Every structure is written in structure tokens, then in C-alpha cells.
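A.B. asks: My questions will all concern the structure given below.
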Amino acid sequence: PGDVVLDATPSSSTDPTISQTINGLTVGAIYVVSGDYRYITDRGGAQTGFSFGVAINSVFLFEATQQTTNPWENFSFLYPANSSSAVLSLAAQRNGTGFTFAIDNIAFQAIPEPSSLALLSCGGLMLATRLLRVRKG
């Protein structure tokens, strides 16, 4: 519970990054990657360029610049799985910036197939019909 702060001294040679390998992906399935991020403070870095990013297998699929205030912002993007595992990474202070970010509520969720959605919809309609009959009866 709680957020994680991505921070390092400005002279650090690497961007502060947190990563996790996601296993059990279905090749060809589409996943929603989402979470919250918030600008914390300026540690004396450059004032331009993307300072926060979310990458899968080292490819940044979401990037943001430093915010002017520090409310929580949301990121969300689709990821089509091309293997059964992927490395999800979140990085701050990118491109020489000194901007520290906090992250929270990170999620990696599969989008149901259309056939699964249709099956769930039919089940919901049958349940609603049954409940209406019971109330009338």
C-alpha cells in the first residue's frame, strides 16, 4: 500500500527505475497498462524533455514532462502481447531532468475477448430476466 518515489541524486548516471517481469501473458491478447504518477520535486536537473516514462521491454510507450503542480495524473495505454512475458519499467528523472515522481496503483490487465464479453452479456440478461420474473411472481 502507498506510493513509491522514484528519486536519485542529479549526478546519478542512471535514471531511477522500478521494474517487474510480468509472466503468463497470452500471445496476441491485448492488455491495458495503467497507473498514477505525481511530480514530487525538482532535484536540479534540466528543464526540458520527457522526465517520466513507462516502458515495456525497454520501449517507452508512455512519456510525460514535469507538471506545473503536483496532483496525481493517470496514464493508460494498450499493449498487444507478443510473448508470454514482458518487463514493465517506470522511470523518473529521464533525459537529464532532476524531476522526482511518485507512482501508485499500477495495473496490467487483460482485455476480455469479444466472445467472452458476449457470453457475459448474455448471462447478465438472463439474470436480469430471472430477477424480473421473481419480482412479478
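A.B. asks: Between GLN67 and THR21, how many nm apart are label points set 7 Å from Cα along the C-beta direction?
C.D. replies: For the pair GLN67/THR21, the computed spacing is 3.3 nm.
A.B. asks: Could I have the simple spin-label model distance between ASN57 and ALA110, label points 7 Å from Cα toward Cβ, reported in nm to one decimal?
C.D. replies: According to this spin-label approximation, the distance is 1.8 nm.
A.B. asks: Evaluate the relative contact order of the stretch 34-99 (contact order divided by residue number), counting alpha-carbon pairs under 8 angstrom at least 6 apart; express in whole percent.
C.D. replies: 50 percent
A.B. asks: Report, by chain and number, residues whose modeled amide H sits under 5 Å from the one on ARG43, excluding near sequence neighbours (fewer than 5 apart, same chain).
C.D. replies: Residues meeting the criterion, in which the H sits 1.01 Å from N, are GLY98, PHE99, THR100.
No value in this document is a laboratory result; all are computed from the given coordinates. Since we're looking at a predicted model, the values are computed, not measured. Don't worry about glycine lacking a Cβ; one is built from the backbone with ideal geometry, like all the others, and counts go over all protein chains shown.
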